[in-house]
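The numbers here are math on the coordinates, done by the rules we state, and not lab data. Bear in mind the structure is a predicted one, so any value in this text is a computation, not a measurement. Cβ atoms come from the backbone with ideal geometry, glycine included; neighbour counts cover every protein chain shown.
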Amino acid sequence: MTKPPRKPSQPLLRETEAPIRSRPRKPRDPAQPHLPFDPMPDRVEPCLALLKAKPPRGPDWLFEVKWDGYRVAVHIKPNDIRIITRGGHDWTDRFPGIAAAARTIGVGTAILDGEAVVLDAQGRSDFGALQRLLGGRGGRQASGEAILYAFDLLYFDGHDLTRMELSGRRHLLEDLVGESDGPIRLSQEVEADGEALLAAACAHGLEGIIAKHRDSAYRSGRLGDWLKIKCVQSDSFVIIGYEPSASARGGIGSLLLAAYRSDQLVYVGSVGSGFKESDAVELRQMLDRLKTKRPPVAVDKKGVVFAQPTLIAEIEYRAWTDDGKLRHASYKGLRDVQDNAAIYKLSE
């Protein structure tokens with residue numbers, strides 16, 4: 001059940017379509033000190049969710065849907081909007097709808113943390129569709145269909161909120177974003193038992209859920225304040241080549257994948273499903289430009305076309321085999337280098 005937004009005694013945003021203006025400034029009493037303002041950072045290293053097999057228990061945890069898109073921070077200033085990727089790249093021009101909506105938010109300065117997504121007909125986030133709209137890996141196309149699900153507020157009207165507890169940041173975010181169904185929407189908290197919510201998310205074809213400790217400050221990195229629990233595993237792997245096929249679409253029978261163990265790439269199997277014909281044709285062209293006679297890793301297969309380990313694919317899979325290969329793998333799309341996707345790391 002979705003938790004209704006908390007209503008403060010004096011809402012931050014009034015229920016009116018008139019532009020919000022501050023009261024006329026009164027002369028400062030010289031006996032009173034200046035209130036300190038925090039400089040607005042150019043970038044905040046994001047807080048990342050740690051993968052867990054099961055949801056945590058207890059009242060200290062808040063839950064949200066796990067959205068599948070590009071993690072971005074929206075920086076709002078009076079005359080400037082910037083949309084920054086997880087890797088620190090400016091993608092403002094790639095999300096024009098989100099940028100336009102950010103200009104209408106009644107706030108002087110703010111940094112929204114969220115996920116830029118494209119929704120399918122059932123309202124589920126579709127990473128492959130978003131990736132295609134943006135022109136694929138390295139593409140420079142814009143997606144007017146993308147929306148932002150905002151789930152945190154890091155800076156607000158001259159104040160750094162990263163040291164505030166999550167529940168307080170969410171309180172301010174709910175008042176700022178409201179119940180809009182436009183290009184910037186609130187990623188709703190869900191009041192439910194974690195395991196029951198995960199089961200419901202999986203039944204509706206969602207990727208999973210996110211659990212966040214309600215009293216946590218905003219700490220950059222993957223430190224366990226935020227947890228992700230997935231219905232289907234989805235991770236990033238390096239493409240090291242392909243098996244050609246005369247009958248398959250685009251001439252690719254399957255892609256060969258690798259992950260890291262320490263600082264060495266290790267072959268983890270192949271994927272032969274999930275890509276459309278246009279994806280396969282584009283992949284074949286890109287991989288043929290990266291051909292190499294020297295295999296990046298040892299692979300016991302014949303007839304393989306090896307490629308330099310440059311392209312990163314997002315892969316869904318159900319499990320791992322006993323010999324360390326992916327089971328029931330499906331291709332979702334290419335990750336952009338500017339997204340700073342973390343390549344899967346095998347245990348030592």
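Observations
- Helix axis angle, 166-177 relative to the chain longest principal axis, alpha carbon, degrees: 80 degrees
- Amide hydrogen proximity for Leu50: with H placed 1.01 Å from N in the peptide plane, the residues at 5 or more positions away or on another chain lying under 5 Å are Gly224, Trp226, Leu227, Lys228.
- Each residue in Tyr267, Tyr155 was given a count of other beta-carbon atoms within 10 angstrom of its own, and listing them fewest first yields Tyr267, Tyr155.
- Under-5 Å amide H pairs with Arg335, H placed in peptide plane, nonlocal only: Ile312, Ala313, Glu314
- Net dipole in debye of the range 35-164 [+1 Lys, Arg Cβ; -1 Asp, Glu Cβ; about Cα centre; nearest 20]: 420 debye
- When the range 50-230 is reduced to its Cα atoms, the Kirkwood hydrodynamic radius in Å: 16.8 Å
- Around the amide H of Asp68, modelled in the peptide plane, lie the amide H atoms of Ser125, all under 5 Å away and 5 or more residues distant in sequence or on another chain.
- Whole-angstrom gap from the range 36-106 to the range 305-348, using each part's C-alpha centre: 25 Å
- Every Cα-Cα pair in the chain was counted, and those over 30 Å apart are 42% of them.
- Residues in the range 265-278 carry Karplus couplings, in order, of 6, 10, 5, 10, x, 9, 9, x, 9, x, 9, 7, 4, 5 Hz; the curve used is 6.51 cos²θ - 1.76 cosθ + 1.60 with θ = phi - 60°, and Gly or Pro positions show x.
- For the range 90-105, Karplus couplings with θ = phi - 60° (6.51, -1.76, 1.60), whole Hz, Gly/Pro x: 8, 10, 4, 6, 8, 10, x, x, 5, 4, 5, 5, 4, 5, 8, 6
- Label separation (Asp322 vs Ser262): 2.7 nm, computed from points 7 Å beyond Cα along the C-beta direction.
- By average C-beta atoms within 10 angstrom, highest first, the peptides 214-225, 107-118: 107-118, 214-225
- Computed from backbone phi with θ = phi - 60° and the Karplus coefficients 6.51, -1.76 and 1.60, the 3J(HN,Hα) list for the range 150-155 is 7, 10, 7, 10, 9, 8 Hz; x is used for glycine and proline.
- Hydrodynamic radius of the range 108-192 by the Kirkwood approach over all distinct alpha-carbon pairs: 14.3 Å.
- Cα-Cα P(r), the range 189-242, percent of pairs per 5 Å interval: 4, 16, 21, 18, 15, 13, 6, 4, 2, 0
- Taking a point 7 Å out from the Cα of Val337 in the direction of its Cβ, the residues of the range 274-317 whose backbone N falls within less than 12 Å of it are 309-312.
- Taken as Cα centroids, the range 274-304 and the range 163-242 sit 34 Å apart, rounded to the nearest whole angstrom.
- Dimensions (Å) - the range 233-339, Cα atoms, principal axes, largest first: 32, 31, 28
- The chain - Cys residues lacking any other Cys C-beta under 4.7 Å: Cys47
- For the range 135-267, the fraction of C-alpha pairs more than 20 angstrom apart is 68%.
- Violating pairs (Cα-Cα greater than 27 angstrom) within the set Lys230/Lys301; Lys230/Lys293; Lys228/Lys345; Lys293/Lys345; Lys52/Lys301; Lys52/Lys302: Lys230/Lys301; Lys230/Lys293; Lys52/Lys301; Lys52/Lys302
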